[in-house]
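Derivation of every value follows stated rules applied to the coordinates shown; laboratory data play no part. On a predicted model such as this, the values are computed, not experimentally measured, just so you know. With ideal geometry, Cβ positions are generated from the backbone for all residues, glycine too; neighbour counts draw on all protein chains shown.
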């Protein structure tokens, strides 16, 4: 079942937690690529100094101010695309970064695109699934969009690790230490 727009039009922390276990699906060159979402991070509003919206409404951040359930895809570190799901009400910039997936379909193609390496990281999963700027602002609530999210198996709270977001070492407190990262460890070696 596709996650409807109403799923995303809720507080970002709730959406970030409930996306764990959901299924991210991508149609690429006629092949279905899919994986269970295993790691997310919440970014909430202009006051969140780790959030792109701290700069206000810009050409880059405009998707975050848009309709919940749309993709916000941006380029970072000079070589990585990042996939986010826009959350909350229109005009309030917030999104959930999808940091990792556990591949379940189209695994061979994903591994080929990754040179045999894993999909545990936001740039790794976008590379594996061929997600780029073309998917920015795509409607994640429509199956014919080539990229969407379906409900998965609910993951009990005891299976989720909650902690600080990753890669924001230069962000001042209290934002650097906010427990806004959600991680489900399918593989104990991670």
Given contacts defined as C-alpha pairs under 8 Å and at least six residues apart, what's the relative contact order of the range 5-184, whole-number percent? 28 percent
I want to verify a result. In a Gaussian network model of the chain, Cα cutoff 10 Å, which of these has the top mean-square fluctuation: 116, 45, 69? 116
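Based on DSSP H runs of at least 4 residues, each adding -39500 (n - 2.57), what is the mean residue ellipticity at 222 nm of the chain after dividing by all its residues, to the nearest 500 deg cm²/dmol?
Values: 4 runs with 26 residues, N = 190.
Result for the chain, helices only: -3500 deg cm²/dmol.
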Taking Cα pairs closer than 8 Å and at least 6 residues apart, the relative contact order of the range 96-147 in percent is 31 percent
Distance between the range 94-127 and the range 1-66 - C-alpha centres, whole angstrom: 15 Å
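Cβ neighbours within 10 Å, averaged per peptide: list 145-158, 119-132 in order, most packed at the top.
Working: 145-158: 14.4, 119-132: 21.9.
Highest-to-lowest ranking by the protection proxy: 119-132, 145-158.
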PRE zone check, label point 7 Å out along Cα-to-Cβ of residue 90, amide N under 20 Å, scope the range 60-83, hits 60-73
